[in-house]
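Please read the structure below before turning to the comments.
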Amino acid sequence: MESAQKHKLAGWGNYPVAESYTVNPRNEEDARGDLNKGRVIARGLGRSYGDQAVNEDQFVAVCTKLNHFLKWNEQEGILECEAGVSLEEIILTFGPKGWLPMICPGTKFVTIGGAIANDIHGKAHHIDGSFVNCVLSFTILLADGTIAEASRTENADLFWANFGGLGLLGVILTARLKLRRVETTYFKQKSIKIKNLDHMLEALEQYDHDYNYSVAWIDALAKGPKLGGGVLTLGNAAKLSELPENLKSNPLKLHATSRLTVPFFLPSFVLNGLTVRMLNKVIAFVQNSPKEFVHYEKFFFPLDAINNWNRGYGKRGFIQYQFVIPEDNGKKNLTEILEMIAASGCTPFLNVFKRMGEGQGILSFPFKGYTLAIDFPVTKNLLSFTPKLDAKVLSAGGRLYLGKDALLHESTFKAMYPQYEQWMAIKRKYDPGNRFTSNISRRLGLEIA
Ligand SMILES: Cc1cc2nc3c(=O)[nH]c(=O)nc-3n(C[C@H](O)[C@H](O)[C@H](O)COP(=O)(O)OP(=O)(O)OC[C@H]3O[C@@H](n4cnc5c(N)ncnc54)[C@H](O)[C@@H]3O)c2cc1C
């Protein structure tokens, strides 16, 4: 029987910090036992940024010990595994056989349970869609202690409500996933220096059809004629015949474990207007890489090169503000948003821009439009600025990514996601007594009254 310990726990942004009792189920019996202890939320590798996987004074079931592979069908590339398996574990095991996860976010340190609960997306969202597109089915431990199988044809309401459902319908135990066949673990990439927003939108229009992967870095401190400038990176999976001779000898090369670590929280003054301006110049230089062939590690997961890089923001923590707005009036709205950010004095850092395709799950974040993700250190100024930004995003017909959010107010959330009512009906059916709760469920009113 596992014992519970009270810990200070936070998401990747280290904001907010909540005292929660953690348990570490190793199997379905443990997980079922945890349901009797109190209100609970599942947690994976804690890479969601805000309060999704913390539960003040309640229980957090850290599922990383549910990390076994169960079945592998090499002909069809279908993997059945426990939900605590990470994308990294899949890459290390199946990469050498020529298979990679179909959808990769900006870090490989996410579990399958976390990937489902936030219906994560990657650089190829405009082509591949979100994580739901590689999940055939999953099993989930429900509030009444039973285990249900959910797929597009069985318990379909439960299936769709879990993509973007923030773990609030149960503990996902196992999943059947489709992996992607690859000839190499390299990408053929092209980088384009972007002058301003007009140029950015034109370049996306021009290249998005020819490249499966596209993402841009934007200098959010740029103003006037340079507003919206940055670097657009495009890429396709490299075929074996395309690789240069020096890479052909090991075309399915894997990544090495990173030895670079930020050992402790840096003092808050380290990240300020001046250092961000300097770092932006370094990022622009690195992004504008002349290299034609890059390894998946650099292409998908450049931030994984430094362990615990989140400590660089200091103890006060940071948020990642990610929104999507429709393409209609996109240029006007993006201009206004970027101007608001540049004038806010809130030190925006690591700003990632991309065009998204259609969305799917009920509370899933993506829809067809433009998405921008910005890291902001937490300051008093930021806390009064984000409600203004939320109102602007809402008036542009947009919404925030709940998997990264830490500050949205309940009323704004409900206006951004009117489909929450459909989701609440499914919550009422499967968890009428709020067995599954978290800080975000209390903050956004995702609980049965
Ligand atoms: C550097 C970095 C880059 C990122 N890039 C992207 C990106 O490009 N695209 C994108 O979409 N996201 C991105 N993310 C966010 C990340 O992909 C998601 O937050 C993901 O859900 C984290 O998975 P996790 O295993 O760490 O889950 P956690 O953060 O631990 O939990 C996330 C949610 O999943 C739920 N959950 C976890 N396990 C289970 C389970 N077994 N059963 C039920 N619910 C469960 C939790 O309750 C919580 O609501 C990035 C994060 C970082 C740190």
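Mind ranking 178-191, 124-137, 196-209 by how tightly packed they are, going by the mean number of other C-beta atoms within 10 angstrom, highest first?
Result, highest mean Cβ count within 10 Å first: 124-137, 178-191, 196-209.
Compute the relative contact order of region 328-404 as a whole-number percentage, counting only Cα pairs closer than 8 Å that sit 6 or more residues apart in sequence.
Normalised by residue count, the contact order of region 328-404 is 29 percent.
Please compute the contact order of region 394-449 in relative form: average sequence separation of alpha-carbon pairs under 8 Å and at least six residues apart, divided by the residue count, as a percent.
Computed value for region 394-449: 39 percent relative contact order.
For the chain, calculate the relative contact order in percent as a whole number, restricting contacts to Cα pairs under 8 Å that are 6 or more residues apart.
Once divided by the residue count of the chain, the mean separation gives 18 percent.
For a quick protection proxy, order the peptides 399-409, 147-157, 428-438 by their average other-Cβ count within 10 Å, most packed first.
Answer by packing, highest mean first, reads 399-409, 428-438, 147-157.
Test of understanding: what is the full-extension gain from Glu202 to Leu136, defined as 0.36 nm times their sequence separation minus their Cα-Cα distance?
Extending this stretch completely gives an extra 20.2 nm.
In region 89-243, what is the count of Lys pairs whose alpha carbons are under 22 Å apart, counting only pairs at least 8 residues apart or on separate chains?
21
Taking the Cα centroid of region 1-61 and of region 407-426, what is the distance between the two, rounded to the nearest whole Å?
24
Share of the chain's accessible area from carbon and sulfur, percent, 1.4 Å?
Within the chain, the accessible surface is 54 percent carbon and sulfur.
Counting only DSSP beta bridges with both residues in the chain, what percent are antiparallel, rounded to the nearest 5?
Approximately 85 percent, going by the DSSP bridge assignments.
Restricting things to alpha carbons, find the Rg to Rh ratio for the chain using the Kirkwood radius for Rh.
Expressed as Rg/Rh, it is 0.95.
State in Å² the accessible area per residue of region 117-271; use a 1.4 Å probe, count heavy atoms of protein chains only, and round to the nearest integer.
43
Please report, in whole Å, how far the alpha carbons of region 186-413 spread along each principal axis, starting with the longest.
Principal extents (largest minus smallest coordinate, Cα): 55, 43, 39 Å.
Given R₀ = 35 Å, what would the calculated FRET efficiency be for Lys71 paired with Glu336, taking r from the Cβ atoms and rounding to 0.05?
The computed FRET efficiency comes out at 0.10.
Using the per-residue mean of other Cβ atoms lying within 10 Å as a proxy for protection, in what order, highest first, do the peptides 365-374, 338-347, 114-123 fall?
With the highest mean Cβ count within 10 Å placed first, the list reads 114-123, 365-374, 338-347.
At q = 0.13, 0.14, 0.22, 0.23 Å⁻¹, work out log10 I(q)/I(0) for region 67-183 with the Debye formula, treating every Cα as an identical point scatterer and leaving solvent out; two decimals please.
Computed log10 I(q)/I(0) values: -0.45, -0.52, -1.30, -1.41.
Would you please state which residues of region 406-433 a label at Asp328 would reach in this model, taking the label point 7 Å out along Cα→Cβ and a backbone N cut-off of under 18 Å?
Correct set: 416-419.
Run the dipole for the chain about the Cα centre, Lys and Arg Cβ at +1, Asp and Glu Cβ at -1, nothing else charged, and hand back the magnitude in debye, nearest 20.
Charge dipole of the chain: 1160 debye, to the nearest 20.
The values are calculated or read from the model by the stated rules, or taken from the named source; none is laboratory data. All values reported here derive from a predicted model rather than from experimental measurement. Cβ sites come from the backbone with ideal geometry, for glycine too, and all protein chains shown count toward neighbours. Surface accessibility is based on the protein's heavy atoms, side chains included, excluding ligands, DNA and RNA. Shrake-Rupley method; radii C 1.70, N 1.55, O 1.52, S 1.80 Å.
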